[in-house]
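Worksheet: the structure to be examined is printed underneath.
Read the figures in this text as sums done on the coordinates, not as results from a lab. All figures in this text were calculated on a predicted structure; none of them were measured in a lab. Cβ sites come from the backbone with ideal geometry, for glycine too, and all protein chains shown count toward neighbours.
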Amino acid sequence: MRERLGLDPTDIRILGAVQRHGQLSKARLAEIVNLSPTPCWARLSRLRAAGYIRGYHADIALERVVDATRVIVTVSLNSHRKSAFDKFESHIKSLDEVINCVATGGGIDYIMTVVAPSWSAFQELMEDLLAAELAIDRYMTYFATRLIKAEQPNLAKLAAYRKPTPGQTK
């Protein structure tokens, strides 16, 4: 895990505001965070420089733009050597169709979300993955029927959580 700066509640509010609203004017960010504009902007600049903000993105209503097939794929590799994981992950990072991929512990190695223009395009992608000799042992596909929720975590709630010490109740 990377070392954290000494983030205080104001830093968390700033990060939460840009996570929720994207790029904001100095005045609007200061208003949301309840801090005067100049120190608020200085904190935002420090947070950017420290790598806490990777970028700004628009949440596009994909279903209003194109017809697309969204598929959840679980993948198990037949080798659990670091080189096999590295090769698989490097290949996955190069695929625009894979919009999310997490490594997991337990019975499967990865869970991916794939968005393709059609079911046949998805099948072609999977055939290419198998042909790429990525040590894929098996995969299971689940086609999504509706997207129910896709959001970022509540930073303030996560940052406020403290593990109870032994003998302490929540």
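The separation of the range 102-154 from the range 36-70, counted between C-alpha centres, amounts to 25 Å.
Taking amide H atoms as placed 1.01 Å from N in the peptide plane, the amide H of residue 144 lies under 5 Å from those of 70, 71, 72, each 5 or more residues away in sequence or on another chain.
How many lysine pairs in the chain, separated by 8 or more positions in sequence or lying on different chains, have Cα atoms less than 29 Å apart? Please list the in-between numbers first.
On the way: 26/157; 82/93; 93/149; 149/157; 149/163; 149/170; 157/170.
Lysine pairs meeting the criterion: 7.
Between the listed residues 72, 103, 130, the Cα displaced farthest toward the positive end of the dipole of the chain, a dipole computed from Cβ unit charges relative to the Cα centre, is found at 103.
Using C-alpha pairs under 8 Å with a sequence gap of at least 6, the mean separation divided by the residue count of the chain gives a relative contact order of 25 percent. Sorting 82, 87 from the fewest to the most surrounding beta carbons within 10 angstrom yields 82, 87. Where does the chain land at 222 nm, in deg cm²/dmol rounded to the nearest 500, when only DSSP H runs of n ≥ 4 count, each adding -39500 (n - 2.57), divided by all residues? It comes out at -12000 deg cm²/dmol, rounded to the nearest 500.
Give me 119, 41 sorted ascending by neighbouring Cβ count inside 10 Å, so fewest comes first.
Fewest to most other Cβ atoms nearby, the residues stand as 119, 41.
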